[in-house]
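Single-structure report; data block below.
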Amino acid sequence: MTRRGSMETVRVLELYSGIGGMHYALKESGVPAQVVAAVDINTMANQIYKHNFPDTPLWNKSIEGLTLEDLTALSVDMVMMSPPCQPFTRIGLQGDVSDPRTKSFLHILHLLPRLHRLPRFILLENVKGFETSTARDRLG
Ligand SMILES: C[S@@+](CC[C@H](N)C(=O)[O-])C[C@H]1O[C@@H](n2cnc3c(N)ncnc32)[C@H](O)[C@@H]1O
């Protein structure tokens, strides 16, 4: 039984986890949370993530390969993510949704609304320019 007013542990999926900057910020925030899975395709970053958060299950794979079943099984309350910023940054070509680096983000945006149990929170970090992009519009 949980006490009224006490905070439940938030189950978190960390996408584009890199070396774990968002995980670190979450920890610092003091919010009772558990990162139940972190996903990144970069093996070098993943080695550092493992060093920083050895107890977190880390999936060394592309986010484009995640399935609805994967997400359902994780049953998360929160998704935190920092997708690649190159498609949006002012010093880039601003390819937005036509940049192949946005594909995995669009894949996630396709899956999330199809979950039977929706996450309560989405934390997304990106650069100036993202907020006016088509990709941002797709987020809703
Ligand atoms: C902006 S960085 C994230 C930085 C991270 N918050 C950190 O603290 O290190 C974007 C990350 O997305 C990863 N990434 C890009 N495309 C991916 C994909 N399709 N699947 C999984 N990871 C991907 C990159 O390897 C990179 O680590």
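Quick test of your reading of the structure: Met44 fulfils all but one of (1) within 19 Å of Asn126 (Cβ to Cβ); (2) without any contact (Cβ under 8 Å) to a residue 40 or more places away in the chain; (3) near the ligand (Cβ under 9 Å from one of its atoms). Name the failing condition by number.
With respect to (1) within 19 Å of Asn126 (Cβ to Cβ); (2) without any contact (Cβ under 8 Å) to a residue 40 or more places away in the chain; (3) near the ligand (Cβ under 9 Å from one of its atoms), Met44 is out only on (1).
Conditions first: (1) at pLDDT 95 or above; (2) of a type in the set (A, V, I, L, M); (3) crowded, with 17+ Cβ neighbours inside 10 Å. Ala135 passes all but one, so which condition is the exception?
Among (1) at pLDDT 95 or above; (2) of a type in the set (A, V, I, L, M); (3) crowded, with 17+ Cβ neighbours inside 10 Å, Ala135 violates only (1).
Check Cys85 against each of (1) open to solvent by 40 Å² or more (accessible area, probe 1.4 Å); (2) at pLDDT 95 or above; (3) within 15 Å of the ligand (Cβ to nearest atom); (4) not in a helix (DSSP H, G or I) and name the one condition it does not meet.
(2)
So if I check each of Leu71, Leu58, Leu112, which one is touching a residue at least 40 places away in the same chain (Cβ under 8 Å), closer than 30 Å to Met7 by Cβ, open to solvent by 30 Å² or more (accessible area, probe 1.4 Å) and more than 9 Å from the ligand (Cβ to nearest atom)? Before the answer, list the steps.
On the way: Leu71 fails: open to solvent by 30 Å² or more (accessible area, probe 1.4 Å); Leu112 fails: open to solvent by 30 Å² or more (accessible area, probe 1.4 Å).
Of the residues listed, the single one that is touching a residue at least 40 places away in the same chain (Cβ under 8 Å), closer than 30 Å to Met7 by Cβ, open to solvent by 30 Å² or more (accessible area, probe 1.4 Å) and more than 9 Å from the ligand (Cβ to nearest atom) is Leu58.
May I ask you to list pairs of residues, at least six apart or on different chains, whose Cβ atoms are under 9 Å apart, with the first in the range 80-103 being under 14 Å from Glu125 (Cβ atoms) and the second being part of a helix (DSSP H, G or I) and among the aromatic types (Phe, Trp, Tyr)?
Met81/Phe105; Pro83/Phe105; Pro83/Phe130; Pro84/Phe105; Cys85/Phe130; Phe88/Phe130; Thr89/Phe130
Quick check on this structure: which one of Thr72, Thr102 is part of a helix (DSSP H, G or I), closer than 23 Å to Arg136 by Cβ and of a type in the set (Ser, Thr, Tyr)? Step through it out loud before you land on a result.
Working: Thr72 fails: closer than 23 Å to Arg136 by Cβ.
Residue meeting the stated conditions: Thr102.
When only residues in the range 115-130 that are away from the ligand (no atom under 16 Å from the Cβ) and open to solvent by 80 Å² or more (accessible area, probe 1.4 Å) count, which is nearest to the chain's Cα centre (by Cα)?
Phe121
Take the range 26-69 and flag every residue that is farther than 18 Å from Ile108 by Cα, assigned to a helix (DSSP H, G or I), over 13 Å from the mean Cα position of the chain (by Cα) and not small (Gly, Ala, Ser).
The answer is Lys27, Glu28, Thr43, Met44, Asn46, Gln47, Ile48, Tyr49, Lys50, His51, Asn52.
Here is a yes/no grid of residues against (1) out of contact with any strand residue (DSSP E or B) (no Cβ under 9 Å at 6 or more places or on another chain); (2) modelled with pLDDT of 95 or more; (3) surrounded by fewer than 18 Cβ atoms within 10 Å (Cβ to Cβ):
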| position | (1), (2), (3) |
| --- | --- |
| Arg4 | yes, no, yes |
| Met7 | yes, no, yes |
| Ala25 | no, yes, yes |
| Ala38 | no, yes, no |
| Asn46 | no, yes, no |
| Asn52 | yes, yes, yes |
| Val76 | no, yes, no |
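Select from the range 88-105 the residues that are closer than 16 Å to Glu131 by Cβ, within 21 Å of the chain's Cα centre (by Cα) and not charged (D, E, K, R) and write down the one among them that is farthest from the ligand (Cβ to nearest atom).
Only one residue fits best here, namely Val97.
The values are calculated or read from the model by the stated rules, or taken from the named source; none is laboratory data. All figures in this text were calculated on a predicted structure; none of them were measured in a lab. Cβ coordinates were reconstructed from backbone atoms using ideal geometry, including for glycine residues, and neighbour counts include every protein chain displayed. To get the accessible areas, we keep the full protein, side chains included, count just its heavy atoms, and leave off ligands, DNA and RNA. Shrake-Rupley method; radii C 1.70, N 1.55, O 1.52, S 1.80 Å.
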